[in-house]
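The values are calculated or read from the model by the stated rules, or taken from the named source; none is laboratory data. Just so it is clear, the structure is predicted and the values come from calculations on it, not from any experiment. Note that we place each Cβ from the backbone using ideal geometry, even for glycine, and neighbour counts take in every protein chain shown. Side chains are part of the model used for accessible areas, which takes the heavy atoms of the whole protein and leaves out ligands, DNA and RNA. Shrake-Rupley method; radii C 1.70, N 1.55, O 1.52, S 1.80 Å.
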Amino acid sequence: MKVAEGERGTAAKALDGLARCGLALWFFAVAVVLVPQLRTAFAAAASPLGVLGLFAKLALFGFCLSVVALALTRPRPVAKSPGLRPRVEATLGAFLVYALPF
């Protein structure tokens, strides 16, 4: 049974929205987990090493929040590359991002 073009577009939009929400929720959860660590880093910022640790935690926190913002606001892709390799790379790129904060 062939799916009509309009139905395929609706399913693709729904899947894209679901993937965006999953990515945003994951990085938001990581940012929430970082908040107590930021408080500890602020308390330990009296030494030079503590200041570096604070900057590292702030950079990771900012990265997580920027991924959330970009995942929710990026426009939907409009073109596809032919072949198997671009699809494999896109799949790996989509799922390997979950390992970044670790």
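Select from L54, L65, L84 the residue whose mean-square fluctuation is largest in a Gaussian network model of the chain (Cα-Cα springs shorter than 10 Å).
L84
Which residue, A69, A46, A79, tops the fluctuation ranking in a GNM of the chain built on C-alpha contacts under 10 Å?
A79
Tell me, what is the FRET efficiency for D16 and Q37 to the nearest 0.05, using R0 = 22 angstrom and their Cβ-Cβ distance as r?
Numbers: r = 32 Å, r/R0 = 1.46.
With a Förster radius of 22 Å, E is 0.10.
Which whole-number value in Å² is the accessible area per residue of the chain, probe 1.4 Å? Don't skip to the answer; put the middle values down first.
Values: 7740 Å² over 102 residues.
With all protein chains present, the chain gives 76 Å² per residue.
For the chain, what % of the accessible area comes from carbon and sulfur atoms, probe 1.4 Å?
That fraction is 74 percent.
Classify the range 53-92 from the C-alpha gyration tensor, please: rounded if a/c falls under 1.5, else prolate or oblate depending on whether a/b exceeds b/c. Walk me through the intermediate numbers first.
Numbers: a/c = 6.08, a/b = 2.18, b/c = 2.79.
Oblate shape, in that a/c is at least 1.5 and b/c is the bigger or equal ratio.
Go ahead and run the numbers for FRET between L70 and L92, Cβ-Cβ distance against an R0 of 25 Å, rounding to 0.05.
Working: r = 19 Å, r/R0 = 0.75.
FRET efficiency, L70 to L92: 0.85.
For A59 and S81 in one chain, what is 0.36 nm times their gap in residues minus the Cα-Cα distance, to one decimal in nm?
Details: separation 22, 0.36 × 22 = 7.92 nm, distance 3.39 nm.
Extra length from A59 to S81 when fully extended: 4.5 nm.
For the chain, modelled as a GNM with alpha-carbon contacts under 10 angstrom, which of R76, R85, R39 fluctuates the most?
Comparing R76, R85, R39 in the GNM, the peak value goes to R85.
Placing +1 on the Cβ of each Lys and Arg and -1 on the Cβ of each Asp and Glu in the chain, which of A41, G17, V30 has its Cα farthest towards the positive end of the resulting dipole?
G17
For the chain, take the convex hull of the Cα atoms, compute a quarter of its surface area, and give me that in nm², please.
8.6
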